[in-house]
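Since every read-out is calculated from the coordinates, none of them should be taken as a lab result. Quantities reported herein were computed from a predicted structural model and do not represent experimental measurements. Here Cβ is always computed from backbone atoms with ideal geometry, including for glycine, and neighbour counts include all displayed protein chains.
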């Protein structure tokens with residue numbers, strides 16, 4: 001029986017790269033996005049083992065509908081990838097409060113909704129894993145990316161807590177933490193960090209990391225967080241050993257425009 005993967009925010013960018021890779025590796029792939037037309041187009045490109053549908057991750061009822069129809073089609077849910085996310089950049093006070101709220105609705109509530117809705121299906125599966133898209137922005141709070149950075153800290157906390165809590169079900173909950181990736185999300189981004197660090201990662205880099213996590217045995221000794229890319233790994237390791245004042249000064253320098 002083919003294993004299955006359900007990916008939120010799959011119509012383009014990282015989500016689409018994950019969908020293509022898993023399809024090539026023989027999985028049943030769920031391609032769900034608020035842009036259902038683009039999701040259907042990708043599924044048609046991939047073939048008969050891909051199923052597409054609409055999903056607004058901020059709406060719990062849409063998660064219930066999407067996962068129920070996917071599991072009925074695929075047989076079971078093995079891997080959930082909470083990929084959907086948005087980003088607003090620029091000075092905190094110049095960003096409309098509705099944009100800050102929307103970031104939390106999608107990036108945080110979307111992950112909570114996905115995990116909560118998926119658990120009954122994951123518990124019934126022969127193998128089950130959750131992989132969340134966190135970010136290097138969850139290492140230290142980022143200027144000009146306040147709500148996005150906060151949302152990824154929340155994803156980091158959700159991942160850590162559930163990875164412990166769901167051990168009783170045999171379900172690992174892991175995350176990937178990339179720096180900026182070459183997608184539409186970072187186009188014209190108004191943040192000093194991206195101008196100073198640059199954009200080195202491609203969607204395929206993230207897809208490869210997700211596939212590796214999804215197919216590894218994942219013992220209790222497997223780390224929960226997975227920084228992607230050399231720069232992110234250096235930042236992550238330094239943050240764990242450097243005094244807070246050094247981390248703050250480093251981030252001040254990186255965010256300077």
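Suppose R0 equals 35 Å; then what is the FRET efficiency for residue 25 and residue 99 from their Cβ-Cβ distance, rounded to the nearest 0.05? The partial results should precede the final answer.
On the way: r = 37 Å, r/R0 = 1.05.
Computed FRET efficiency for residue 25 and residue 99 comes out at 0.40.
Extending each Cα 7 Å along its Cβ direction at residue 69 and residue 202, get the distance between those two points in nm, one decimal.
3.3
Using 1/(1 + (r/R0)^6) with R0 = 30 angstrom and r between the beta carbons of residue 92 and residue 54, what's the FRET efficiency to the nearest 0.05?
That gives a FRET efficiency of 0.40.
Which distance in Å, rounded to a whole number, links the C-alpha centroids of segment 102-131 and segment 19-48?
19
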